[in-house]
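This report concerns only the one structure given below.
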Amino acid sequence: MSNNILTYFFIGVVFTFLIEVLITKLEEKNFPNFAHEVTWDNTQRILCVIVWPLGIVWFLVAFFRSWIN
């Protein structure tokens with residue numbers, strides 16, 4: 001049981017780290033459809049670790065919408 005919880009949080013930390021890296025890279029390259037006023041504080045990081053499955057769905061929907069348009 002505790003192993004499953006630790007795995008869930010580990011995946012959340014990895015996902016949050018990847019989103020953090022993606023935001024940093026998009027800001028550096030001045031990506032055209034990227035909102036540069038993205039605020040990413042500790043509260044959002046903790047929420048992203050906890051609800052990472054919803055974050056993945058949200059990210060994929062936004063990614064494919066921008067890719068199609």
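The values are calculated or read from the model by the stated rules, or taken from the named source; none is laboratory data. Note that the structure is predicted; figures quoted are calculated from it, not measured. Cβ sites come from the backbone with ideal geometry, for glycine too, and all protein chains shown count toward neighbours.
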Among the residues of the range 36-57, write down those that are more than 14 Å from Ile23 (Cβ to Cβ) and either under 10 Å from the mean Cα position of the chain (by Cα) or part of a helix (DSSP H, G or I) (or both).
-> Asn42, Thr43, Ile46, Leu47, Val49, Ile50, Trp52, Pro53, Leu54, Ile56, Val57
State which residue is farthest from the chain's Cα centre (by Cα) when the search covers only the range 7-28 and only residues that are surrounded by fewer than 11 Cβ atoms within 10 Å (Cβ to Cβ) and modelled with pLDDT of 80 or more.
-> Thr7
Within the set of pairs 6+ apart or on separate chains, which have a first residue in the range 14-26 that is touching a residue at least 60 places away in the same chain (Cβ under 8 Å), a second that is part of a helix (DSSP H, G or I) and of a type in the set (S, T, N, Q), and C-beta atoms under 9 Å apart?
-> none
